[in-house]
Every structure is written in C-alpha cells, then in structure tokens.
Amino acid sequence: MKFLDANVFVYAYYKPRKQLSQKEIDMKEAAQRIIANIFEGKDRVLTSVVHLSEVVNILKHGFPTDQVSEIMRGVFMLENVIVADVTRDIYFAANELGDNLRLDANDALAVDIMKLNGISEIYSFDEDFDKVEGIRRISSS
C-alpha cells in the first residue's frame with residue numbers, strides 16, 4: 001500500500017489555462033496513469049480526508065460542483081482506497097512534526113499517517129518528501 005497525495009489528483013484532473021512545460025506534461029500524464037491504476041483496482045492506496053479536501057478546494061476552480069462531487073464519490077466507493085479520518089489531536093501532532101521536518105502541516109500529516117500505518121511509499125510530485133527519512137516518493141506508475 002502507498003499513500004496518495006492530493007497533488008496527484010490535481011495534476012491528473014486540473015485543466016490548466018496556460019501552456020504546460022514538457023515537465024508539467026510528463027507529470028500530468030504520470031498522474032493520470034497513477035489515478036487510472038487506482039480506479040482500475042491495480043493499486044491499493046491510503047489518503048486522508050484532509051488530502052481529499054485539498055483536492056476539492058483546487059478542482060472546484062476548474063470543474064462544476066457536480067463533477068467534483070462525482071470524482072470524490074468515485075474515490076470513496078473504491079475498495080482499494082482507504083480514507084483515514086483526522087482528529088484535532090492528529091492534526092495538531094502533524095503540525096508539530098511539520099515544524100521538525102520543515103514540512104507544511106498537510107505534508108507532515110501524510111508522513112504521520114504513513115508511519116502509523118507502516119507505509120513507506122507515497123505517490124506525490126512534492127519533492128519535499130524526498131528529504132524525509134524512510135519515505136520513498138513515487139511520481140510515476
């Protein structure tokens with residue numbers, strides 16, 4: 001099992017208003033493959049309600065509300081996608097971990113959830129995860 005970061009959804013779905021660089025095109029294509037593999041049941045992932053909320057907050061600027069809701073319902077219906085609840089205490093602890101690791105609170109939350117669940121790999125395009133010991137970032141499928 002791998003952790004699924006919000007930016008994978010964003011790269012897969014978001015429709016940019018500007019011309020993408022080749023690197024951005026490659027990342028978008030990789031994200032689409034990762035998401036396709038997940039929706040086809042080929043990969044088992046864990047994410048959190050906080051990370052899905054990030055996805056909604058970004059996609060709502062490029063998609064109608066009903067389409068964003070449909071995407072989220074699809075995610076919640078997949079048996080191979082585990083969505084972790086986040087309590088106030090968990091988020092507070094992640095915020096402190098973020099101070100120690102020099103990560104924002106949501107990235108630190110991903111690390112904390114990964115450690116709690118024995119996960120060492122994360123699908124993400126965020127290079128900040130590269131500096132976290134014991135975490136391997138995967139940006140292609």
### Message
For Ile25, only one of the following conditions fails: (1) under 22 Å from Ile138 (Cβ atoms); (2) touching a strand residue (DSSP E or B) at 6+ places or on another chain (Cβ under 7 Å); (3) loosely packed, with under 14 Cβ neighbours inside 10 Å. What is its number?
### Response
(2)
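One line per residue, one yes/no per condition, for (1) closer than 15 Å to Val8 by Cβ; (2) acidic (Asp, Glu); (3) assigned to a helix (DSSP H, G or I):
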{"position": "His51", "(1), (2), (3)": "yes, no, yes"}
{"position": "Glu54", "(1), (2), (3)": "yes, yes, yes"}
{"position": "Val68", "(1), (2), (3)": "no, no, yes"}
{"position": "Asp89", "(1), (2), (3)": "no, yes, yes"}
{"position": "Ala94", "(1), (2), (3)": "no, no, yes"}
{"position": "Val111", "(1), (2), (3)": "no, no, yes"}
{"position": "Asp130", "(1), (2), (3)": "no, yes, yes"}
## Note on the structure
Exactly one of Ala110, Ala105 is of a type in the set (A, V, I, L, M), surrounded by fewer than 21 Cβ atoms within 10 Å (Cβ to Cβ) and touching a Phe, Trp or Tyr at 6+ places or on another chain (Cβ under 9 Å), and that residue is Ala105
### Message
I'd like the full set of residues that are in contact (Cβ under 8 Å) with a residue 40 or more places away in the chain, in a helix (DSSP H, G or I) and crowded, with 17+ Cβ neighbours inside 10 Å, limited to segment 33-44.
### Response
Ile34, Ile38
### Message
Yes or no: segment 45-55 includes at least one residue that is in contact (Cβ under 8 Å) with a residue 60 or more places away in the chain and touching a Lys or Arg at 6+ places or on another chain (Cβ under 7 Å).
### Response
yes
### Query
Say we look at segment 45-67 and pick out the residues that are surrounded by 13 or more Cβ atoms within 10 Å (Cβ to Cβ), β-branched (Val, Ile, Thr) and within 12 Å of the chain's Cα centre (by Cα); which of these is nearest to Leu78 (Cα to Cα)?
Val45
### Query
Which numbered condition trips up Ile25, out of (1) at positive phi; (2) at pLDDT below 95?
(1)
### Residue identified as in a loop (DSSP other than H, G, I, E, B) and closer than 22 Å to Asp126 by Cα among Gly98, Gly62
Gly62
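The values are calculated or read from the model by the stated rules, or taken from the named source; none is laboratory data. In this text the structure is predicted, and so the values were computed from the model without any measurement. Because the Cβ atoms are built from the backbone with ideal geometry, glycine has one as well, and the counts that use them run over all protein chains shown.
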